[in-house]
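Here the structure comes first, spelled out in structure tokens, and everything after it is commentary.
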Amino acid sequence: MKAWLIPVLSFVLLIIAIVAGVGPWLAVLCGIGLIGAVLEAVHHAEIVAHRVGEPFGTLLLAVAVTVIEASLILSMMFAGGEDAAVIPRDTIYAAVMIILNGVVGLCVLVGGLSHHEQTFRVEGSGGGLAALIVMSALSLVMPTFTTTTSAGTYSTMQLEFVAVTSAVLWAIFVFVQTVRHRDYFLPTKDTSSPDAHANPPSKRQAAASLGLLIVCLVSVVGLAKMLSPTVERLVDSAGAPKAVIGIVIAMLVLLPETVAAVRAARANRLQTSMNLAIGSALASIGLTIPVVAVAAVLFHLPLHLGLHSKDLVMLALTLLVSAVTLGTGRTYLMQGAVHLVLFAAFLFLAFVP
């Protein structure tokens, strides 16, 4: 099948859904198109990554998904509604929990089952996790305890400070990852891997794949948004809390990165998986918070960033376990199982708060 067919069909389904609305049958087709777009996004991301080399390939996918995710959050904030003020908080929190527990746990478990033990450069992952801990605390934890404004919110000056520091930390991480200490993020060469001997794609092939990757990512996020009312009705019929909707949408948006990371771990390239996971989590805060903060200040939009006590405990536990997992540079299936149990607890407590 032609490489462009599924991305184009998925994008066409998105246009039809926007124009005609999502009925029962179209919802099924949109779901199929979303899955196809996810798989094709991973395929084209790997082609681009093979051309530009690591860690630029994983950085490209992480930034592309996060930029579109931030755009989706802004569109929902401008749409208003009673939940608009907490949409950024819920989305960022869900993304961090999904990445650090779901994606990392699945990668470590799959890698452990396939290769018993895997290694990665702790210098790169450790620095990224340290930045993520600081950014998470400033963005999601401190608003609950500050006293200038009501609980869970920041004053304009506080919000501007957090936005600037988040953007600076993310920019420094990207500089370290791509320039200053690029070797900290390079996977160990595996001469038994077919990719080690394959010729890189031509500039024309890489450019075409980059364009199709963008089409796929737009389709994934757009179809996820179009399917969100259907998901909301299913959640309401199941009697689940509203926060579950944000988790479902976040999982759909993060599917391309998840599939790419798991495939890399199964191919004994855990370093690539860690680059994707840590880079995506950092981009989720480092890019989204500044954009959301600027929009909130300029357009006087309400913004509630502070987490509730249950979520604060889950975030702290996740960051603590992640520090243990990423602190040695070696992983095996036990660590993956621990992260997946935490992910299961996060999902369970979302349904049964």
> Name the residues of the stretch 96-130 whose amide N is less than 11 Å from a point 7 angstrom out from the Cα of residue 333 along the C-beta direction?
Replying inline: 109-117
> Using the scaling law 2.2 N^0.38 Å as the reference, what is the normalised Cα Rg of the chain?
Replying inline: 0.96
> What ranking of 311, 90, 183 comes out by heavy-atom accessible area, probe 1.4 Å, highest first?
Replying inline: 183, 90, 311
> Do you know the relative contact order of the chain, to the nearest whole percent, from alpha carbon pairs under 8 angstrom that are 6+ apart?
Replying inline: 39
>> For a quick check: with amide H placed at 1.01 Å from N, whose amide H comes under 5 Å from residue 307's, ignoring anything fewer than 5 positions away on the same chain?
In response: 144
>> I need the calculated FRET efficiency for the pair residue 15 and residue 164, taking r as the beta carbon distance and R₀ as 41 Å, to the nearest 0.05.
In response: 0.60
>> Just want to confirm a number: the relative contact order over the stretch 213-289, from Cα pairs under 8 angstrom separated by 6+ residues, in percent.
In response: 21
> How do the peptides 149-157, 337-345, 30-38 rank, highest first, by the average count of neighbouring beta carbon atoms within 10 Å per residue?
Replying inline: 30-38, 337-345, 149-157
> Which percent of the accessible area of the chain is formed by carbon and sulfur heavy atoms (probe 1.4 angstrom)?
Replying inline: 71
> Counting Lys and Arg as +1 and Asp and Glu as -1, each charge on the Cβ, what is the dipole of the chain about the Cα centre in debye, to the nearest 20?
Replying inline: 580
> Which length gain, in nm to one decimal place, applies between residue 8 and residue 32 when the Cα-Cα distance is subtracted from 0.36 nm times their residue separation?
Replying inline: 7.3 nm
> Gain in length, residue 115 to residue 25, computed as 0.36 nm per residue apart minus the alpha-carbon separation, to one decimal in nm?
Replying inline: 28.2 nm
> How much area per residue is accessible in the chain when the probe is 1.4 Å and only protein heavy atoms are counted (Å²)?
Replying inline: 45
> How much length is gained if the chain between residue 147 and residue 299 is pulled fully straight, taking 0.36 nm per residue apart and subtracting their Cα-Cα distance, in nm to one decimal?
Replying inline: 52.4 nm
> Using the per-residue mean of other Cβ atoms lying within 10 Å as a proxy for protection, in what order, highest first, do the peptides 118-131, 100-113 fall?
Replying inline: 100-113, 118-131
> Which value, in Å to one decimal place, does the Kirkwood hydrodynamic radius take for the stretch 270-320 when every pair of different Cα atoms is included?
Replying inline: 13.2
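The values are calculated or read from the model by the stated rules, or taken from the named source; none is laboratory data. Everything numeric in this text was worked out from a predicted model, so none of it was measured. FYI the Cβ positions are ideal-geometry reconstructions off the backbone, even for glycines, and counts take in every protein chain you see. These accessible areas exclude ligands, DNA and RNA; they are computed on the full protein's heavy atoms, side chains included. Shrake-Rupley method; radii C 1.70, N 1.55, O 1.52, S 1.80 Å.
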